[in-house]
Structures are given as structure tokens and as C-alpha cells.
């Protein structure tokens, strides 16, 4: 019983510890700091630098570049296939390699 | 402060009017932020952020509203943003540190002693502030606004945009939760009681 009363009194005393609190005061240089930040904000380069220095933005930008690279690489094989076809045609033309002509040469005349 | 001429000059981005606004409100904004976030550096940053936000949003400020409630509301929002950021950092740990750079979580904070607490009450106040940190967000804000900034229930209701009855209920629950928390603390640390 006595212990409970003591505990209650202790809790009440702690609850009252903020009574008569004197409000805290801000830094005397606050206005100078705000003016400095306002003039920093006005510069377009500082906005860009601020955005880029954010790790989240940097990671997103790196992902976009990687995805762009992957897309470019994956879209390449089709054009590669076409160029191989072109090279074969050129080779056949240079060496007069015409399958139909060869077949005609081996024709046995009756 | 409700002078329409002063508000008109603020909305025209008069530096002199803005300087007056900062001079009149900086201590109250700092003290409010300090009561909620319980860290001097964070409270200083929040005070700067509040006035920067106010400067940018002056054209959206409605002249018939009290600038005080408006500034207090920005302060509460900025403080809550910081508390939530620290909570997310605590919940998501390494992932958050990669995504948003290094930072503190609230548990890292040392025991907070408000500079305006009377000398003989400092130890009790540190225990009370520690218990306040564990209150639910809205209770913590309402209790801090009342006990640290000394605002009335009506003023708190204006800031939190709630009815006075709702604020009274928040304060009552905050006090009950604090009493339970303190009783547990003193039972576990009998040498301090």
C-alpha cells in the first residue's frame, strides 16, 4: 500500500516536471541562415546539383542508363542478321555463284 | 500580426515584413519543434524549413487566417515528417540507408533535457521526455504543444484542425499513457524512485 502511494507520488512529481518551463530560444543567426538558403535555392544549378546528389536520384538515373543500354543491345541482332544476308548476297554476286546456272551446266543432253 | 496591411506586404514578398515575421515567431516555432522532435539540431533545421516553406507559400496564405496557426501547422507537419522518416529508417534499416543516405533513428537520440527546465526538475523531465517519445504520434504532438509550448486546447484544435473535444480526449489519453509508462519505469528502476 505504502509502496503504491510512493509510486503514485513519484509519477505525479515527474508529470509536473515540465511545469514552469521557460520556452527555448532560436539561434540568433536564424534569419541569416534562412536568407542564405533562400539565395541558394534561387540558383538553377544548385537545384540540379541537389537533385543529382540525392542517392535515390543517382540510382534511378543509373538504372535508366542500364535499361537503355540493354534495350539497344537487344534490338541489335535483327539488323545484324540482315547485314549477314547482305554480305552473302554480295559474295555470291562477286563469285558469280548462281545455283541455277550450275544445274544447267550439268544437264545431260539427249 | 493579423494586420491586413502586414499580410499584404508579406504576400508581396516584402523582405522587411518577412524579417518581422521571422523575428516575431522564430522562438515559438523553435520551441514547438524542439518539444516534438526533442533534438536541438533538428529543431533548428525545422525552424529554417518552416520559414522557407512560409516564404514560398505566402501567395497561398489566406489573409483571414491567423499567421500563427498557419506557422504552427507547418511546424507540426515538418516535425511529423522527420519523426516518420526516423521511424521508417528504424523499420527498414539498411535498405533505407542505401536509398536515402546516412541518417539517425530516434532511438539513437540521447536523453533529451529541454533547456528551459528548472534545474531541480531536470532528471524527472528527462524521464518524462523519454516516455513522451513512446506515445502515439497525435498524443505526443498534442501533449508537447500544451506542456512545452503552453498552448490552450482551442489553439491546439486550430493547429491540428480537430474539434476541442477531440483534443481534450487526446490529452487525457496521453496523460494516462504517460502515467502507466512512468509507473512501469519506476517499478523496473526502484533505485530511482
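The values are calculated or read from the model by the stated rules, or taken from the named source; none is laboratory data. As the structure is a computational prediction, the values presented were derived from the model and not from experiment. Here Cβ is always computed from backbone atoms with ideal geometry, including for glycine, and neighbour counts include all displayed protein chains.
Some points to look at:
- The combined condition, being modelled with pLDDT under 95 and within 14 Å of chain A (Cβ to nearest Cβ), is not fulfilled by residue B:93.
- Members of region B:159-171 found to be surrounded by fewer than 22 Cβ atoms within 10 Å (Cβ to Cβ) and in contact (Cβ under 8 Å) with a residue 12 or more places away in the chain, listed by number: B:160, B:161, B:168, B:171
- Checked against the criteria, residue A:7 counts as facing chain B (nearest Cβ under 7 Å) and under 30 Å from residue B:122 (Cβ atoms).
This table checks each residue for (1) modelled with pLDDT of 90 or more; (2) in contact with a helix residue (DSSP H, G or I) (Cβ under 6 Å, 6 or more places away or on another chain); (3) in a loop (DSSP other than H, G, I, E, B).
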| site | (1), (2), (3) |
| --- | --- |
| A:3 | no, no, no |
| A:8 | yes, no, no |
| A:16 | yes, no, no |
| A:23 | yes, yes, yes |
| A:41 | no, no, no |
| A:45 | no, no, no |
| A:58 | no, no, no |
| A:63 | yes, no, no |
| A:67 | yes, no, no |
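- For region B:9-39, the set of residues classified as assigned to a helix (DSSP H, G or I), without any contact (Cβ under 8 Å) to a residue 24 or more places away in the chain and more than 9 Å from chain A (Cβ to nearest Cβ) consists of B:9, B:16, B:17, B:20, B:24, listed by residue number.
- Listed by position, the helices (runs of 4 or more DSSP H) contained in region B:120-193 that have at least 2 residues being more than 11 Å from every other protein chain (Cβ to nearest Cβ), touching a helix residue (DSSP H, G or I) at 6+ places or on another chain (Cβ under 7 Å) and more than 19 Å from residue B:37 (Cα to Cα) are B:153-160, B:164-188.
- Count of region B:1-14 residues which are within 13 Å of residue B:56 (Cα to Cα) and either touching a strand residue (DSSP E or B) at 6+ places or on another chain (Cβ under 7 Å) or surrounded by 11 or more Cβ atoms within 10 Å (Cβ to Cβ) (or both): 4
- Counted residues, region B:40-72 - those being in contact with a helix residue (DSSP H, G or I) (Cβ under 6 Å, 6 or more places away or on another chain) and touching a residue at least 60 places away in the same chain (Cβ under 8 Å): 2
- Selection within region A:25-34 - assigned to a helix (DSSP H, G or I) and facing chain B (nearest Cβ under 8 Å): A:30, A:31, A:33, A:34
- Top-ranked residue of region B:98-119 - restricted to ones that are surrounded by 15 or more Cβ atoms within 10 Å (Cβ to Cβ) and at pLDDT 90 or above, ranked as nearest to residue B:36 (Cα to Cα): B:114
- Only residues that are touching a helix residue (DSSP H, G or I) at 6+ places or on another chain (Cβ under 7 Å) and buried (at least 24 other Cβ atoms within 10 Å of the Cβ) were counted across region B:21-39, and they come to 9.
- Filter pass, residue B:88 being under 30 Å from residue A:57 (Cβ atoms), within 14 Å of chain A (Cβ to nearest Cβ) and at pLDDT below 90: yes
- Test result for residue B:156, surrounded by 20 or more Cβ atoms within 10 Å (Cβ to Cβ), over 23 Å from residue A:8 (Cβ atoms) and without any contact (Cβ under 8 Å) to a residue 24 or more places away in the chain: yes
- Any chance residue B:72 is within 19 Å of residue B:145 (Cβ to Cβ) and either in contact with a strand residue (DSSP E or B) (Cβ under 7 Å, 6 or more places away or on another chain) or more than 10 Å from chain A (Cβ to nearest Cβ) (or both): yes
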